[in-house]
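Structure first, commentary second.
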Amino acid sequence: MVIEDLYPSRTEPTAQWIDRQDPVVYAQGKPTDVLTQEQIESFDRDGFLIIDKVFSQSEIDEFNEEFERLGSDPILSAKEEFIKEPDSQIVRSIFAAHKFSDKYEALTNDPRIRAKVDYLLDDKTYIHQARINAKPGFKGKEFYWHSDFETWHVEDGMPRMRAISCLITMTENKSYNGSLMLMPGSHKKFVTCVGQTPDDHYKDSLRKQEYGVPDQESLQRYYDENGILVAECPPGSVILFDCNTMHGSNGNITPLPRRNIFFVFNAESNKLEEPFGGTKPRPDFIAHR
Ligand code: 6CS
Ligand code: FE
């Protein structure tokens, strides 16, 4: 069966702006007590929502201990799930972290996040991708601007925009230590990217992404329209953002690490097909099938 590609990307020599074909808040109008009306409206309008201190400091301490345990295990850190920084052997991301840790596994089902996501997507959800982004002090490198959906559509075969990323902050996220930056309202358009996806692109892109990144003119246009929001928040906060919200983060040359747990929930009705870009599917630890 051929599935229609509503969001073709990396196919044209110049960037195109396509209107979003999908809702943002799928449960629009349905009553709920897991989010306030104001929170729902701001997620719909901006494409993200920041909720301070959802988790206690002692819970966050445990998640950090778990990270230290995984990251310092020489056998584990040699695995392909452990992505290193582009210019060193320092751990940048641990993918499928919930497969290595019962604590992270349990966290994926915590109603403080799960119920919110399931409401917004109005469906049962499953983990599409789970990782911890370490952004260590002094050495953590940037993540260039991108829409996650662009990559998940082209390289993983995610058909529609019906997925939400959930960050749980494990350290202070300050303006200066490489915090997430978001472009409000960018989730309402799809900016196509230019360039052909190389084979086994993930081996480079997870360290430093160079394909599936938008052109500068489009980024300028977003910036001129709504500027940039730096998601500053204390440890234990939750940042929910739509799969198509344009985001990125700077490097971290401060002594203060910026470490976040990152879960992506996809609607069960939106499960992965063959990659729309025609490449072979990425490994399961990046895109669970
Ligand atoms: O490849 C992924 O799935 C994610 N990682 C990067 C660096 N960019 C796209 C997406 O967020
Ligand atoms: Fe991303």
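Computed quantities for the displayed model
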quantity	calculated
By accessible area with a 1.4 Å probe, ligands and nucleic acids excluded, highest first: order of Glu268, Glu81	Glu268, Glu81
Area accessible to solvent at Leu35, 1.4 Å probe radius, in Å²	10 Å²
The chain - percent of accessible surface contributed by carbon and sulfur, probe 1.4 Å	49 percent
More than 27 angstrom apart: percent of Cα pairs within segment 81-201	25 percent
Segment 44-84: Rg to Rh, with Rh as the Kirkwood radius over Cα pairs	1.20
Taking the C-alpha atoms of segment 17-270, convex hull volume expressed per residue in Å³	124 Å³
Helical contribution to [θ] at 222 nm, DSSP H n ≥ 4, -39,500 (n - 2.57), averaged over the chain, rounded to 500	-7000 deg cm²/dmol
Per residue solvent-accessible surface (Å²) - the chain, probe of 1.4 Å	45 Å²
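The values are calculated or read from the model by the stated rules, or taken from the named source; none is laboratory data. In this text the structure is predicted, and so the values were computed from the model without any measurement. Side chains included, ligands, DNA and RNA excluded: accessible areas come from the protein's heavy atoms. Shrake-Rupley method; radii C 1.70, N 1.55, O 1.52, S 1.80 Å.
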